[in-house]
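The next block holds one structure in the form of structure tokens; read it before the comments.
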Amino acid sequence: MNKTPRITNRIVLTLLGLILTGLGVHGLLLAAVPAYAQGWRGFADQIGTGFTDLLAATTLEGQRDSWLWIVISVVMIALILLMIWWVAVQGQGKTGIFVREFREETTRGIVELSAAVPEQAFKAALAGRPDLVTVSVTSWTSPHSAAGLRIKVQPRLGAAPYRIAEDLAELVVDMDGILGAGGPVVIHLATGARTRMSRAERVR
């Protein structure tokens, strides 16, 4: 599974969180601490004066505006492109093709196996288990091998996690033999409110 988008998301969210937290604290101090508000007004006036002087110093002879505005425009365009790239990589790593092979000895062409095949097979095999609340199976690209699977299940309260993990591992081996191909598999046993509130028996 490609971890680059996840790391990028965490960095972006952390930076946004820090910026918003700083702005919130700054606003509270402006409203609650008069001395801080007065000092900030003086500091803001100094920044405004310094920026005006900087613009005047960077204005070329015969020009009306400073060349700094060009630099600022380039930086803004770069930020916009970076944001477009960040949006584009969201969900990257998930694949719709589980296997793609070229078998010249049997067929003249490419044999493709949709990711929905192993996903639906695992869900069907686990659908009748009373010790599981939910089952989620997704396929992901792997840079060093065939596409991998991520199997996420929520055991019911009182179920044996180790037994469930063993059964899932055996099911993965059987499925690899049936499909004739397989990649890395991540088995994720999750807990949540539905796990704590659910019981082994079903209400019909």
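The values are calculated or read from the model by the stated rules, or taken from the named source; none is laboratory data. Here the structure is a predicted model, which is why all the values come from computation and not from measurement. Here Cβ is always computed from backbone atoms with ideal geometry, including for glycine, and neighbour counts include all displayed protein chains. Ligands, DNA and RNA are stripped out before the accessible areas are found, and what is left, the full protein with its side chains, is counted by its heavy atoms. Shrake-Rupley method; radii C 1.70, N 1.55, O 1.52, S 1.80 Å.
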Task: Positions within segment 123-135 being within 17 Å of A190 (Cα to Cα) and either open to solvent by 50 Å² or more (accessible area, probe 1.4 Å) or part of a helix (DSSP H, G or I) (or both), in sequence order - done: K123, L126, A127, R129, P130
- [ ] Go through segment 169-191 and count every residue that is outside any loop (DSSP other than H, G, I, E, B), in contact (Cβ under 8 Å) with a residue 24 or more places away in the chain and under 19 Å from P130 (Cα atoms).
- [x] 4
Task: Condition check for T107: in a strand (DSSP E or B), among the hydroxyl-bearing types (S, T, Y) and either open to solvent by 40 Å² or more (accessible area, probe 1.4 Å) or at pLDDT below 75 (or both) - done: no
TODO: Looking for whichever is modelled with pLDDT under 70 and small (G, A, S) here; the options are A160, A146, A169, A116. Which one fits?
DONE: A146
Open item on the list: Quick check on segment 78-85. Is at least one of its residues in a loop (DSSP other than H, G, I, E, B), surrounded by 11 or more Cβ atoms within 10 Å (Cβ to Cβ) and either within 30 Å of the chain's Cα centre (by Cα) or modelled with pLDDT under 90 (or both)?
Closed with: no
Open item on the list: Quick check on segment 59-73. Is at least one of its residues in a helix (DSSP H, G or I), open to solvent by 80 Å² or more (accessible area, probe 1.4 Å) and modelled with pLDDT of 85 or more?
Closed with: yes
Open item on the list: Given the condition free of Cβ contacts under 8 Å to residues at least 24 places away in the same chain, part of a loop (DSSP other than H, G, I, E, B), open to solvent by less than 100 Å² (accessible area, probe 1.4 Å) and on the phi > 0 side of the Ramachandran plot, answer yes or no: does some residue in segment 40-58 qualify?
Closed with: no
